[in-house]
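**Q** Can you keep this structure in mind? I'll have questions shortly.
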Amino acid sequence: MDIQRHTQDGCLVVAFSGSIDPFSVSRVQRALLKELSHHPFALVCDLSGIHTLDPVCANVFATVANHPSTRWPDTNFLLSGAQPPVAEILGRLQVPHFLHLYATIEEALDAAVARPPYLRDELLLAPTPTAAAVARVFVRDVCQYWQLALPDETLLVRAVLLANELVANAVVHAHTDIRLRLELRGDRLHIGVRDGDPRLLHLVTPAPEAEGGRGLWLIEQLSQAWGVHPHPAGGKVVWCTLNL
């Protein structure tokens with residue numbers, strides 16, 4: 001059994017050559033667990049060099065994927081390049097039902113870095129002076145995790161600024177708990193803040209000499225769309241959107 005590893009497109013690729021049988025399966029398992037314990041963004045298991053897979057040992061991939069040390073499913077774990085006899089054995093054992101099997105490494109890498117069409121995350125905040133700062137950190141972390149900072153940080157910077165203004169407005173005017181929500185729907189990022197104050201906000205163009213009152217004006221300038229509406233459970237939601 002020969003085991004090679006390399007990094008490609010930010011993902012770790014581990015390639016096996018030879019036969020996976022009772023004599024080599026423990027090496028395969030140890031190698032995969034060692035790499036997954038480092039929590040890479042994605043690990044692609046290249047099976048193109050495997051000419052024989054003992055059906056008794058085919059569950060090694062499920063064992064690795066469900067091992068506590070892998071933090072599964074935080075790391076994408078994908079299989080690629082299985083030759084027809086190997087793919088047939090994996091199929092009979094229903095391995096592709098819970099571990100994606102791709103024809104080539106390139107297809108696996110494309111799937112590993114692709115964002116799902118819908119993502120959502122929320123943060124509950126108290127109406128304190130530090131709420132806006134906490135919101136900024138939250139939005140930056142989420143956008144980076146969703147890979148929205150690529151290829152540059154323009155979108156991330158705008159999202160952080162918009163969330164800051166929405167939360168700061170809620171702190172100043174609502175004095176209630178605040179729920180900040182980020183939603184990614186296709187190519188549009190939605191940022192919404194819900195508070196317990198039913199009074200709806202209205203845009204007022206700030207005077208040049210005014211020290212405050214620019215929150216909604218900035219939101220209108222920086223976002224593709226924004227609005228405010230009552231929430232069915234009470235209070236209101238102020239929202240805005242950004243195109244990726």
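The values are calculated or read from the model by the stated rules, or taken from the named source; none is laboratory data. Predicted model, so just to flag it, every value in this text is computed and none were measured. Here the Cβ is made from the backbone with ideal geometry for all residues, glycine too, and neighbour counts use every protein chain on show. To get the accessible areas, we keep the full protein, side chains included, count just its heavy atoms, and leave off ligands, DNA and RNA. Shrake-Rupley method; radii C 1.70, N 1.55, O 1.52, S 1.80 Å.
**Q** Could you check region 49-66 and list, in sequence order, the residues that are farther than 18 Å from N76 by Cβ, free of Cβ contacts under 8 Å to residues at least 40 places away in the same chain and either assigned to a helix (DSSP H, G or I) or open to solvent by less than 60 Å² (accessible area, probe 1.4 Å) (or both)?
**A** Hits for region 49-66 are I50, L53, D54, P55, V56, C57, A58.
**Q** Say we look at region 174-205 and pick out the residues that are closer than 15 Å to Q224 by Cβ and open to solvent by 60 Å² or more (accessible area, probe 1.4 Å); which of these is modelled with the lowest pLDDT?
**A** The selected residue is D187.
**Q** Tell me the residue from L78, L109, L43, L101 that is surrounded by 14 or more Cβ atoms within 10 Å (Cβ to Cβ) and farther than 21 Å from Y145 by Cα, please.
**A** From the options L78, L109, L43, L101, the qualifying one is L101.
**Q** Of the conditions (1) among the hydrophobic types (A, V, I, L, M, F, W, C); (2) modelled with pLDDT of 90 or more; (3) closer than 11 Å to V238 by Cβ, A133 clears all except one; give me its number.
**A** For A133, the failing item is (3).
**Q** Another question about this same structure. Which one of D141, D152, D121 is free of Cβ contacts under 8 Å to residues at least 12 places away in the same chain and either within 16 Å of the chain's Cα centre (by Cα) or part of a helix (DSSP H, G or I) (or both)?
**A** Numbers: D152 fails: either within 16 Å of the chain's Cα centre (by Cα) or part of a helix (DSSP H, G or I) (or both); D121 fails: free of Cβ contacts under 8 Å to residues at least 12 places away in the same chain.
Testing whether each residue is free of Cβ contacts under 8 Å to residues at least 12 places away in the same chain and either within 16 Å of the chain's Cα centre (by Cα) or part of a helix (DSSP H, G or I) (or both) leaves just D141.
**Q** Give the residues of region 155-173 that are within 20 Å of the chain's Cα centre (by Cα) and either surrounded by fewer than 16 Cβ atoms within 10 Å (Cβ to Cβ) or small (G, A, S) (or both), sorted by residue number.
**A** Selection gives V157, A159, A163.
**Q** I've got another one for you. For R5, all conditions in the list (1) in contact with a helix residue (DSSP H, G or I) (Cβ under 6 Å, 6 or more places away or on another chain); (2) open to solvent by 10 Å² or more (accessible area, probe 1.4 Å); (3) in a strand (DSSP E or B) hold save one; what is the number of the exception?
**A** Every condition holds for R5 apart from (1).
**Q** Name the residue that is most open to solvent (accessible area, probe 1.4 Å), counting only residues in region 219-234 that are closer than 13 Å to E165 by Cα and not in a helix (DSSP H, G or I).
**A** W226
**Q** Can you tell me which residue is surrounded by the most Cβ atoms within 10 Å (Cβ to Cβ) among those in region 11-37 that are in contact with a strand residue (DSSP E or B) (Cβ under 8 Å, 6 or more places away or on another chain) and either at positive phi or part of a loop (DSSP other than H, G, I, E, B) (or both)?
**A** S24
**Q** Also, quick follow-up: Determine, yes or no, whether L124 is surrounded by 13 or more Cβ atoms within 10 Å (Cβ to Cβ) and among the aliphatic types (A, V, I, L, M).
**A** Considered against the rule, which asks whether it is surrounded by 13 or more Cβ atoms within 10 Å (Cβ to Cβ) and among the aliphatic types (A, V, I, L, M), L124 comes out as no.
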